[in-house]
Every structure is written in C-alpha cells, then in structure tokens.
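Comments concern the structure below.
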Amino acid sequence: MNIDPVCGMHVDEKEAPFSYLYRDRAYFFCSEACMDAFSAGPDKYLKLAAEREIAESKREEGGYFSRLLKRLGEHAEKNPPPKCH
Ligand SMILES: [Zn+2]
C-alpha cells in the first residue's frame, strides 16, 4: 500500500493508474491531477508527506497510550482494591 504524497490518500500500487518515478522511487497517485501537482514540485510534496508521516506516528502513540489507560481503568473497575474490615 502506498500513500499519494499529494493528498495523503492510500493508493494500491497494483491498481493505481498514475505513477511517477522520482529519484529512483516510484510514487503512486489517486488521480492525474495529483500526479501533475507532484511532478511540478516533488520536493515540496515529499517534505509534506514526511511531516504527515511524523504526525501520524505521533497520533499512533497517543492511541496506544489512551488504549492502555482505558484498559487499566477497566481492570481497576473489575478488580477493586481489597478492603480490610
Ligand atoms: Zn491524490
């Protein structure tokens, strides 16, 4: 699975009709408009794509921690701390 560096959409390289070779790497696009935009300024879009990737990996981390916290919370609900009477 590839990401269209222009719009950020996921593109299947086997089905994508639009691809562009830049610095020995093939990039895939959802539409001709995205490919044209990329070919007009590949570096700009590659920089944007790199930034988007970083932002997404950060969001993933957030997701992991919020899931972990939720699980810990559920655990505490099902297993209340022992009380001594
Ligand atoms: Zn696109």
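The values are calculated or read from the model by the stated rules, or taken from the named source; none is laboratory data. Bear in mind that the values here come from a model prediction, so they are computed numbers and not experimental data. Because the Cβ atoms are built from the backbone with ideal geometry, glycine has one as well, and the counts that use them run over all protein chains shown.
Looking at the structure I just gave you, is LYS47 assigned to a loop (DSSP other than H, G, I, E, B) and basic (Lys, Arg)? In short, no. For beta carbons closer than 8 Å, sequence separation of 6+ or different chains, a first residue in segment 12-23 that is free of Cβ contacts under 8 Å to residues at least 60 places away in the same chain and a second that is of a type outside the set (Asp, Glu) and surrounded by fewer than 11 Cβ atoms within 10 Å (Cβ to Cβ), the qualifying pairs are ASP12/MET1; GLU13/MET1. Return a yes/no flag: does segment 55-77 have any residue that is touching a strand residue (DSSP E or B) at 6+ places or on another chain (Cβ under 9 Å), modelled with pLDDT of 85 or more and assigned to a helix (DSSP H, G or I). Within segment 55-77, none of the residues are touching a strand residue (DSSP E or B) at 6+ places or on another chain (Cβ under 9 Å), modelled with pLDDT of 85 or more and assigned to a helix (DSSP H, G or I).
Scanning segment 13-33 for residues that are outside any strand (DSSP E or B) and either within 18 Å of the chain's Cα centre (by Cα) or more than 13 Å from the ligand (Cβ to nearest atom) (or both) yields GLU13, LYS14, GLU15, ARG23, ASP24, CYS30.
This table checks each residue for (1) in contact (Cβ under 8 Å) with a residue 12 or more places away in the chain; (2) among the hydrophobic types (A, V, I, L, M, F, W, C).
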residue: ALA49; (1), (2): yes, yes
residue: ALA55; (1), (2): no, yes
residue: GLY62; (1), (2): no, no
residue: LEU68; (1), (2): no, yes
residue: ALA76; (1), (2): no, yes
residue: ASN79; (1), (2): no, no
residue: LYS83; (1), (2): no, no
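Contact map, segment 30-44: first residue over 12 Å from ALA16 (Cα atoms), second residue part of a helix (DSSP H, G or I) and within 14 Å of the ligand (Cβ to nearest atom), Cβ cut-off under 7 Å, separation 6 or more or different chains; pairs are PHE38/TYR45. For segment 27-85, a residue qualifies if it is polar (S, T, N, Q) and either surrounded by 12 or more Cβ atoms within 10 Å (Cβ to Cβ) or under 18 Å from CYS7 (Cβ atoms) (or both), and the qualifying residues are SER31, SER39.
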